[in-house]
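The values are calculated or read from the model by the stated rules, or taken from the named source; none is laboratory data. Keep in mind that what you see is a predicted model, and the values were worked out from it rather than measured. Counting neighbours? That spans all protein chains shown, and the Cβs are built from the backbone with ideal geometry, glycine included. Note: accessible area is taken over every heavy atom of the protein model, side chains too, but ligands, DNA and RNA are not part of it. Shrake-Rupley method; radii C 1.70, N 1.55, O 1.52, S 1.80 Å.
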Amino acid sequence: MRNAIIALILLALFAALFWLPSYAPYFYIFVATEILLMGLFAASFNLIFGYTGMLSFGHAAFFGIGGYTAALLLLHFQLPLFWVLLLSMLAGMLLAAVIGFFCVRLDEVYFAMLTLAFGMMTYAVVHQWRSLTNGSDGVAGFALREFGLGLDLQLADPAVYYQMVLVIVVLASLALYLITRSPFGLLLRAISENAERVAFCGINVRRYRLLSFIIAGTFAGLAGGLFAPFNRVANPDMVHWTESAQPVLMTILGGAGYFLGPYFGAAVFVLLETWITTYTEQWMLFLGVILAIMVIFFRRGILGTILDWLLRRQ
Amino acid sequence: MNEPILSVRGLSKSFGGVHAVQNVSLDVWPREKVALIGPNGAGKTTFYNMLSGRLRPSDGSVSFEGQDITGLPPHRISRLGISRSFQITNIFSELSVRQNVEVALTALHGKGLQMFRIASRDRALREEAEQILAQLGLAELADLRAGVLSYGDKRLLEIAIVLATRPRLVLLDEPTAGMTPEETRQVTRLIRELAASNTYTFLITEHDMSVVFDLADRIVVMHRGQLLAEGSPEEIRNNKAVREAYLGEEEEP
């Protein structure tokens, strides 16, 4: 019964979001696209953080390489977007396999520092490899043609692009959700709580951490691959360490203990940023105050706090 | 009983200059219940940590069912058939009681890499977990979050996780520590029942001498990192060196 209600709410939410272009101001199509992409990016991060218990500060590397892969493929080969996105995921997966191979050997703060270091290295490579990446200007000037798979989508129309993003993000999120509920996901949660006990149950913890890291990198690559065409450019900002901080902040804002927490956090983050920056330049000050309040008083995030409150009222 | 299930030769561990365990040799035979006793700091836990892969020995060797396992990581040793409990309760507090057992069963059945099916819909896993919980009298608590269990139930859940890995050699590190007398009797009875099933071999450290003399087929005494004595409960009870080193500090068993 409860599951049916939740499914119904989510279905209604999907319908409302899908038809958003028909009733919301044009501007909010862009806001909504950004929320969806940052939400997927943050949710992929939360597979490592919330579910496996490792705080990564280098997640933008996978988002960025996905974005650059998409931009370069669209610019030089004019591939259909579907294949571009698959290769963006592959790029994120491969980079995560390499970086993860080193990082999952470490625990706690050392893991965080090493992911940060690899994130910075990735940024430096992207920034300096001018012949390929065009340096600080980034890769732009590519055109979106067809989607592929025989679908006739006018991707140049932001409303159509938004609806495509929505469908892809929903499908990707369903896959991520299934992973978190699977036997593999159960072991990840057990590892996040007590890695040593899991090892004494016969599990090679390092291998599971690496797999979690690679899956997260793959989905971050997808988010980046969708973000670059949306933003009309793949530039070094996508790989910068401040970009790595975004999914961390969004996840804490929304609630790391819930699958939908990061999406919720991304929505609050992007909306607040949009509204506050129309009144003042001091968005970071507001963000800082909000985060401080969250961390001190509402550790379970906004979504977590709301759900706890609803459950207690029942 | 022709081959020992566990064979330890000259096992040593030193931290800096301190010899926590020194040149310990021990054979454990299949289906035996061996109690390892000794005063605090005798090196029992260090010894356990070397058997289970938590610590790498400085010297010596351990073999299990004829296979050399010296210095293998914990997950390899667990898969070979040695499972241990911990002196300090070591469970997954945020998971449900059933999930605690399912984690071990998932590992045992090699289901850990299944990513595209819902874990809670795995009937076989669920039934097996419930069967183990029933064996420990925890069946009614299966859906509770493990963190809310009473201390004694947490200790039982710890044993449930150990059994779920289907070990042939079970290392119990003070299974009754901190338990009420009633809970202690329950655990003692449980160990005896498990032993009667003839599938397990037990190595147990224990402070409660009544449990030790009640359960053990054989008692091994450690003192200052070395083996002090070894024998039947009767022999140990009458061993003068043991009495001086250890039992003298306790009440009469």
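Restricting attention to region A:214-228, does a residue exist that is open to solvent by 10 Å² or more (accessible area, probe 1.4 Å) and within 7 Å of chain B (Cβ to nearest Cβ)? No, region A:214-228 has no match at all. With respect to being open to solvent by 20 Å² or more (accessible area, probe 1.4 Å), charged (D, E, K, R) and in contact (Cβ under 8 Å) with a residue 24 or more places away in the chain, B:E102 falls outside the description. Among the residues of region B:142-153, are any open to solvent by less than 20 Å² (accessible area, probe 1.4 Å), among the hydroxyl-bearing types (S, T, Y) and touching a residue at least 60 places away in the same chain (Cβ under 8 Å)? No. Can B:A20 be described as open to solvent by 10 Å² or more (accessible area, probe 1.4 Å), touching a residue at least 24 places away in the same chain (Cβ under 8 Å) and either assigned to a helix (DSSP H, G or I) or closer than 19 Å to B:E230 by Cβ (or both)? Judged against the criteria, B:A20 is not a match. In region B:88-99, of all residues being β-branched (V, I, T) and within 24 Å of A:G50 (Cα to Cα), the one that is surrounded by the most Cβ atoms within 10 Å (Cβ to Cβ) corresponds to B:V97.
Within the bounds of region A:232-241, is there any residue that is in contact (Cβ under 8 Å) with a residue 40 or more places away in the chain, within 14 Å of chain B (Cβ to nearest Cβ) and buried (at least 24 other Cβ atoms within 10 Å of the Cβ)? No, every residue in region A:232-241 fails to be in contact (Cβ under 8 Å) with a residue 40 or more places away in the chain, within 14 Å of chain B (Cβ to nearest Cβ) and buried (at least 24 other Cβ atoms within 10 Å of the Cβ).
Just to be sure before I move on: is A:G53 under 21 Å from A:A112 (Cα atoms) and not in a helix (DSSP H, G or I) in the structure I sent? For A:G53, the condition - under 21 Å from A:A112 (Cα atoms) and not in a helix (DSSP H, G or I) - is met. Could you please let me know if B:S85 is open to solvent by 20 Å² or more (accessible area, probe 1.4 Å), within 13 Å of chain A (Cβ to nearest Cβ), touching a helix residue (DSSP H, G or I) at 6+ places or on another chain (Cβ under 9 Å) and in contact (Cβ under 8 Å) with a residue 24 or more places away in the chain? Judged against the criteria, B:S85 is not a match. Within the option set B:L113, B:L125, being under 24 Å from B:L190 (Cβ atoms), free of Cβ contacts under 8 Å to residues at least 24 places away in the same chain and facing another protein chain (nearest Cβ under 10 Å) holds for one residue only, B:L125. Just a yes or no: is a residue in region B:229-237 under 16 Å from B:F47 (Cβ atoms), open to solvent by 20 Å² or more (accessible area, probe 1.4 Å) and touching a strand residue (DSSP E or B) at 6+ places or on another chain (Cβ under 9 Å)? Yes, some residue in region B:229-237 is under 16 Å from B:F47 (Cβ atoms), open to solvent by 20 Å² or more (accessible area, probe 1.4 Å) and touching a strand residue (DSSP E or B) at 6+ places or on another chain (Cβ under 9 Å). The residue list A:R105, A:R181 contains one member that is in contact (Cβ under 8 Å) with a residue 40 or more places away in the chain, of a type in the set (K, R) and under 29 Å from A:N46 (Cα atoms), which is A:R105. As for region A:264-274, it holds at least one residue that is within 15 Å of the chain's Cα centre (by Cα) and open to solvent by 40 Å² or more (accessible area, probe 1.4 Å). Close contacts from region A:128-141, counting a first residue that is modelled with pLDDT of 85 or more and a second that is surrounded by 11 or more Cβ atoms within 10 Å (Cβ to Cβ) and not hydrophobic (A, V, I, L, M, F, W, C), with Cβ to Cβ under 6 Å and a gap of 6+ residues or different chains, come to A:G138/A:N235. Looking across region A:190-205 at every residue that is surrounded by 20 or more Cβ atoms within 10 Å (Cβ to Cβ) and in contact (Cβ under 8 Å) with a residue 24 or more places away in the chain, the one that is farthest from the chain's Cα centre (by Cα) is identified as A:I191. For region A:74-100, name all the residues that are open to solvent by 10 Å² or more (accessible area, probe 1.4 Å), of a type in the set (A, V, I, L, M), assigned to a helix (DSSP H, G or I) and at pLDDT below 95. Correct list: A:L75 only. Kindly evaluate B:G152 against the criterion of being of a type outside the set (K, R), more than 7 Å from every other protein chain (Cβ to nearest Cβ) and farther than 24 Å from B:L203 by Cβ. Taking the combined requirement at face value, the residue does not satisfy it. In this structure, A:L47 does not satisfy being open to solvent by 10 Å² or more (accessible area, probe 1.4 Å) and closer than 22 Å to A:R105 by Cβ.
Within region A:265-314, restricting attention to residues that are without any contact (Cβ under 8 Å) to a residue 12 or more places away in the chain and touching a helix residue (DSSP H, G or I) at 6+ places or on another chain (Cβ under 6 Å), the residue that is nearest to A:F45 (Cα to Cα) is A:F298. Has region A:229-238 got any residue that is among the charged types (D, E, K, R) and under 24 Å from A:L178 (Cα atoms)? No: region A:229-238 contains no residue that is among the charged types (D, E, K, R) and under 24 Å from A:L178 (Cα atoms). Of all the listed residues (B:A107, B:A134), the sole one being hydrophobic (A, V, I, L, M, F, W, C), within 13 Å of another protein chain (Cβ to nearest Cβ) and either over 28 Å from B:I37 (Cβ atoms) or touching a residue at least 24 places away in the same chain (Cβ under 8 Å) (or both) is B:A107.
Test B:E65 against the criterion of being within 17 Å of A:C201 (Cα to Cα) and either more than 8 Å from chain A (Cβ to nearest Cβ) or surrounded by fewer than 16 Cβ atoms within 10 Å (Cβ to Cβ) (or both), and give yes or no. In short, no. For region A:173-189, the candidate set comprises residues that are open to solvent by 10 Å² or more (accessible area, probe 1.4 Å) and hydrophobic (A, V, I, L, M, F, W, C); within that set, the residue that is nearest to the other protein chains (Cβ to nearest Cβ) is A:L178.
Against the list (1) of a type in the set (A, V, I, L, M, F, W, C); (2) away from every other protein chain (no Cβ under 14 Å); (3) surrounded by fewer than 23 Cβ atoms within 10 Å (Cβ to Cβ), the condition B:L36 fails is (3).
For region A:53-60, check the following and say yes or no: at least one residue is more than 12 Å from the chain's Cα centre (by Cα), closer than 27 Å to A:D152 by Cα, open to solvent by less than 10 Å² (accessible area, probe 1.4 Å) and among the hydroxyl-bearing types (S, T, Y). Within region A:53-60, none of the residues are more than 12 Å from the chain's Cα centre (by Cα), closer than 27 Å to A:D152 by Cα, open to solvent by less than 10 Å² (accessible area, probe 1.4 Å) and among the hydroxyl-bearing types (S, T, Y). So is A:S22 open to solvent by 30 Å² or more (accessible area, probe 1.4 Å), of a type in the set (S, T, Y) and assigned to a helix (DSSP H, G or I) or not? The answer is yes for A:S22.
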